[in-house]
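Just below is one structure, and these are the notes that go with it.
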Amino acid sequence: MRQLLVVGGGIGGLAAALAASRAGWQARVLEQAPVFSEVGAGLQMGPNVTRRLRDWGLLEAAQSLACRPEALVARNALTGAELARLPLGDAFDARYGAPYLTIARADLHGVLLQSLRGAEVSLETGRRVTGWVAGEGDSAPGVAVHLDSSAQPVLTGDALVGADGLWSALRQSLLGDGLPQPSKHVAYRGLVPLDGRVPGGAHLACEVTAWLGPQLHAVSYPVRGGRLLNVVCVIEQTIDGQAQGWDLPGTSARLMAATGPVGGPLRELLQAVPAWGLWVLHDRKPVASPQEMARGCAALLGDAAHPMRPYLAQGAAMALEDADELGRALALVNARIADVPQALQRYAQARWQRVARVQRRSLRNGVIFHATGPLRLGRDLALRGLGSRIMDVPWLYEG
Ligand SMILES: Cc1cc2nc3c(=O)[nH]c(=O)nc-3n(C[C@H](O)[C@H](O)[C@H](O)COP(=O)(O)OP(=O)(O)OC[C@H]3O[C@@H](n4cnc5c(N)ncnc54)[C@H](O)[C@@H]3O)c2cc1C
């Protein structure tokens with residue numbers, strides 16, 4: 001059986017392992033952390049994701065832990081006034097053939113992890129990969145990876161996938177294009193119990209709400225079967241140093257000071273969040289060619305390949321789509337239609353333009369969400385006039 005080495009056991013890495021095993025490969029997931037786990041808060045999953053979860057037989061399990069919001073609502077961050085509404089109910093499901101769900105990251109990660117038990121997948125923790133080398137010739141293994149502190153490559157496989165996130169070591173080894181750059185946008189995220197004490201909690205519990213700035217925005221939606229409200233507030237702020245990670249301690253005071261003019265319902269909501277974590281958003285340029293996603297027997301997937309601002313809520317979604325496409329490519333190898341480098345090039349060819357489009361659209365959303373002055377007035381007028389037509393993204397959800 002052919003073997004895929006997957007570096008990183010986040011949502012992208014686990015999905016890649018699942019797709020590989022469905023394609024008849026054995027997968028070996030190498031995760032640096034001592035246990036497989038997910039930090040962070042919630043995820044929105046559009047029909048482009050839930051359709052794939054259904055294909056993989058996981059939609060029911062995910063749905064049992066997720067919420068199904070009734071609408072996506074845009075509001076003015078300063079006053080709370082509604083600007084536009086996109087219904088996400090039955091008509092939306094029927095249009096796209098799959099539901100729009102919101103879920104805790106840990107719950108989606110758990111569903112993927114559970115699906116790998118009993119599959120041809122080895123899940124290995126405490127394995128920090130520092131680099132890789134290509135094998136030589138047809139009879140030699142396609143790839144070999146270095147683990148932390150090993151001078152010689154120690155693990156071999158037929159193909160390698162770097163799903164090791166924003167700070168990907170595999171990417172450095174493959175492309176050598178430097179570190180992602182810090183943006184001036186900082187995401188504060190927190191969870192608040194929907195126990196009746198959240199102001200406006202009854203309708204927030206049924207909606208994805210996007211509160212649009214000037215110079216900030218916030219998004220709230222229910223997770224954990226409606227018991228918690230996930231709240232993310234993105235503000236323009238410079239944090240000293242190269243802050244890495246999801247869970248940097250944030251302070252409520254710092255956030256509240258930065259959200260000065262925010263009043264009404266959003267201020268009350270932010271004040272109700274018991275604890276905040278902050279995450280400095282980092283950027284890379286959108287993917288510019290398939291060679292940035294695959295070379296020889298190695299490929300990149302998820303944030304390692306195409307980190308993006310979370311303003312279209314599609315980072316994990318793109319990682320899951322990548323995994324689905326990767327599975328199709330690996331199946332070509334087993335069917336003797338392509339060798340490993342050809343199959344990985346097909347994967348990259350199929351993915352790079354779509355992920356670059358999503359990266360660009362996410363960046364553009366940030367400009368719109370944080371607009372000031374006349375642009376902000378124009379945005380609000382357009383949302384009031386065109387509403388759901390602006391908020392729906394058929395090219396994305398149909399993909
Ligand atoms: C505020 C915010 C809101 C978001 N909202 C959404 C949303 O609504 N919908 C959506 O789809 N996406 C959303 N995203 C984006 C999404 O969370 C990420 O794009 C996604 O989790 C990336 O998954 P990944 O598996 O590629 O990387 P990661 O989740 O970063 O996983 C990488 C894994 O690799 C491991 N690793 C790293 N280096 C090594 C190494 N050298 N050796 C071995 N293991 C290693 C890490 O420990 C980790 O487990 C949001 C992001 C943010 C910040």
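Per-structure values
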{"item": "Subset tally (residues that are crowded, with 22+ Cβ neighbours inside 10 Å, of a type in the set (S, T, N, Q) and not in a helix (DSSP H, G or I)) for the range 15-55", "result": "1"}
{"item": "Residue selected from the range 352-362 under the condition surrounded by 17 or more Cβ atoms within 10 Å (Cβ to Cβ) and touching a residue at least 60 places away in the same chain (Cβ under 8 Å), by the criterion nearest to residue 281 (Cα to Cα)", "result": "359"}
{"item": "Single condition residue 360 does not satisfy, out of (1) out of contact with any strand residue (DSSP E or B) (no Cβ under 9 Å at 6 or more places or on another chain); (2) over 30 Å from residue 234 (Cα atoms)", "result": "(2)"}
{"item": "Subset tally (residues that are part of a strand (DSSP E or B) and either modelled with pLDDT of 95 or more or hydrophobic (A, V, I, L, M, F, W, C) (or both)) for the range 259-281", "result": "4"}
{"item": "Flag for residue 326 being within 14 Å of residue 357 (Cα to Cα), of a type outside the set (Phe, Trp, Tyr) and crowded, with 19+ Cβ neighbours inside 10 Å", "result": "no"}
{"item": "Residues satisfying the stated conditions in the range 149-171, i.e. within 15 Å of the ligand (Cβ to nearest atom), buried (at least 17 other Cβ atoms within 10 Å of the Cβ) and not acidic (Asp, Glu)", "result": "155, 157, 160, 161, 162, 163, 165, 166, 168, 169, 170, 171"}
{"item": "Every pair of residues 6+ apart whose Cβ atoms lie under 6 Å, when the first sits in the range 104-131 and is under 23 Å from residue 64 (Cβ atoms) while the second is within 12 Å of the ligand (Cβ to nearest atom) and at pLDDT below 95", "result": "105/38; 105/40; 106/38; 109/38; 113/36"}
{"item": "Matching option when the condition is among the β-branched types (Val, Ile, Thr), over 28 Å from residue 121 (Cβ atoms), near the ligand (Cβ under 10 Å from one of its atoms) and surrounded by 16 or more Cβ atoms within 10 Å (Cβ to Cβ), among 262, 280", "result": "280"}
{"item": "Matching entry among 393, 355 (being within 16 Å of the ligand (Cβ to nearest atom) and within 30 Å of residue 78 (Cβ to Cβ))", "result": "393"}
{"item": "Count of the range 207-234 residues which are surrounded by fewer than 19 Cβ atoms within 10 Å (Cβ to Cβ) and assigned to a loop (DSSP other than H, G, I, E, B)", "result": "2"}
{"item": "Residue tally, condition outside any loop (DSSP other than H, G, I, E, B) and at pLDDT below 95, over the range 86-125", "result": "2"}
{"item": "Subset of the range 88-111 (residues that are touching a Gly at 6+ places or on another chain (Cβ under 9 Å) and hydrophobic (A, V, I, L, M, F, W, C))", "result": "98, 101, 103, 104, 106"}
{"item": "Residues located in the range 286-323, provided they are assigned to a loop (DSSP other than H, G, I, E, B) and among the polar types (S, T, N, Q)", "result": "289, 314"}
{"item": "Single match in 6, 73, 39 (criterion: β-branched (Val, Ile, Thr), touching a residue at least 24 places away in the same chain (Cβ under 8 Å) and more than 14 Å from the ligand (Cβ to nearest atom))", "result": "73"}
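The values are calculated or read from the model by the stated rules, or taken from the named source; none is laboratory data. These numbers were taken from a predicted model, which means no experiment stands behind them. All Cβ positions, even for glycine, are placed from backbone atoms using ideal geometry, and neighbour counts span all protein chains on display.
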